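A.B. asks: Just dropping this structure here.
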Amino acid sequence: MTTEIVNNGTSLKITTDGDARIILKSQIKDVNVLRDTIIKIDIGQGALNNVYVDQATVTNPVSASVEDLRDKILAMLQGGNAGLATEVKQDSEIATIQDLKVQVADLQTKVGSVDSKLFYEPLLIDENNPNYIYKGYALPGAKTNEGVWAIARISSKKGILSYQWASGNKSFDKVWDDRAKLNYI
């Protein structure tokens with residue numbers, strides 16, 4: 001038989017041979033040594049509802065004696081605010097949520113712009129080079145000197161067409177005016 005006692009912030013998780021029991025710290029009235037290696041965690045609902053732990057079977061936390069285990073359990077209870085809301089935690093969480101909102105809005109904009117660009121029809125096509133045809137994809141009204149383009153280069157060798165993308169991807173971060181200088185993969 002093995003037992004683990006884990007501090008879960010506002011509760012203790014006591015697992016014995018794979019069976020877990022969660023006890024809210026606010027329910028625990030007392031922790032004391034009964035005899036030899038037995039600790040009683042009193043949850044104030046009568047003897048049949050108390051939790052009894054044999055220190056000899058506890059693998060986590062490791063303890064030198066039954067008194068040491070009792071002290072470690074009490075220390076877990078003292079850290080009872082670990083999972084509770086505090087002003088600092090709330091401010092941190094609010095900042096994280098605000099950051100996520102910005103990121104989601106940015107993703108929504110990008111997804112919306114991808115829907116508008118539809119790779120089926122390029123916004124610009126350059127057929128002036130005898131070796132290559134360049135196709136540029138961007139939102140209508142995009143300026144050719146802005147990094148908002150996805151650019152494909154098409155070449156033909158012995159009747160076989162080869163399609164390559166600037167920087168090897170379809171990201172809308174290239175400048176159409178630089179299409180001949182870009183690296184195509």
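Values quoted throughout were computed directly from the atomic coordinates according to the rules given, and no laboratory measurement underlies them. Keep in mind that this is a model prediction, so the values were computed, not measured. Reconstructed Cβ throughout: ideal geometry from the backbone, glycine too, with neighbour counts over all protein chains shown.
A.B. asks: Take Tyr163, Tyr132, Tyr137 and order them by how many other Cβ atoms sit within 10 Å, fewest up front.
C.D. replies: Details: Tyr163 11, Tyr132 18, Tyr137 24.
Lowest count first: Tyr163, Tyr132, Tyr137.
A.B. asks: Quick one: 3J(HN,Hα) in Hz for segment 161-170, Karplus 6.51/-1.76/1.60 with θ = phi - 60°, rounded, Gly and Pro as x.
C.D. replies: Computed from phi, the couplings for segment 161-170 are 7, 10, 9, 10, 10, 4, 6, x, 8, 9 Hz.
A.B. asks: List the extent of the Cα atoms of the chain along each of their three principal axes, largest first, rounded to whole Å.
C.D. replies: The Cα atoms of the chain stretch 93, 40, 26 Å along their principal axes.
A.B. asks: Which value does Rg/Rh take for segment 1-47 over its C-alpha atoms, Rh per Kirkwood? Before the final figure, lay out each step's value.
C.D. replies: Numbers: Rg = 11.1 Å, Rh = 11.5 Å.
Dividing the radius of gyration by the Kirkwood radius yields 0.97.
A.B. asks: Given Cα pairs under 8 Å that are at least 6 residues apart, what percent is the relative contact order of segment 124-178? Before the final figure, lay out each step's value.
C.D. replies: Working: 96 pairs, mean separation 18.4, N = 55.
Dividing the mean separation by the residue count of segment 124-178 yields 33 percent.
A.B. asks: Grab the beta carbon distance between Tyr52 and Ala105, set R0 = 45 Å, and tell me the FRET efficiency rounded to 0.05.
C.D. replies: On the way: r = 54 Å, r/R0 = 1.20.
The formula returns an efficiency of 0.25 here.
A.B. asks: Within the chain, what is the longest stretch that has no trypsin sites (Lys or Arg not before Pro) placed in a DSSP loop and near at most 16 other beta-carbon atoms within 10 Å? Could you put the intermediate results ahead of the total?
C.D. replies: Working: sites that count: Lys29, Lys143, Lys158, Lys170, Lys181.
Maximal segment without exposed cleavage sites: 30-142.
A.B. asks: What ranking do Met76, Met1 get, fewest neighbouring Cβ atoms within 10 angstrom at the top?
C.D. replies: On the way: Met76 21, Met1 7.
By the 10 Å Cβ count, ascending, the order reads Met1, Met76.
A.B. asks: I've got another one for you. Could you state, as a whole-number percent, how many of the C-alpha pairs of segment 124-178 are farther apart than 16 Å?
C.D. replies: On the way: 591 of 1485 pairs.
Result for the distance tail: 40 percent.
A.B. asks: Collect residues whose amide H, placed 1.01 Å from N in the peptide plane, falls under 5 Å from the amide H of Val148; neighbours closer than 5 in sequence don't count.
C.D. replies: Under 5 Å from the amide H of Val148: Lys174, Trp176.
A.B. asks: Among all the aspartates and glutamates, which ones have a C-alpha under 16 Å from Lys72's C-alpha, if same-chain residues fewer than 8 places away are not counted?
C.D. replies: Filter leaves Glu4, Asp30, Asp42, Asp54.
A.B. asks: Note the full-extension length gain between Ile97 and Ile160 as 0.36 nm times their separation in residues minus their Cα-Cα distance, in nm to one decimal.
C.D. replies: Details: separation 63, 0.36 × 63 = 22.68 nm, distance 5.08 nm.
My answer for the length gained is 17.6 nm.
A.B. asks: Amide H to amide H under 5 Å from Val58: which residues, 5+ apart in sequence or cross-chain, H placed 1.01 Å off N in plane?
C.D. replies: Placed amide hydrogens put Thr3 under 5 Å from Val58.
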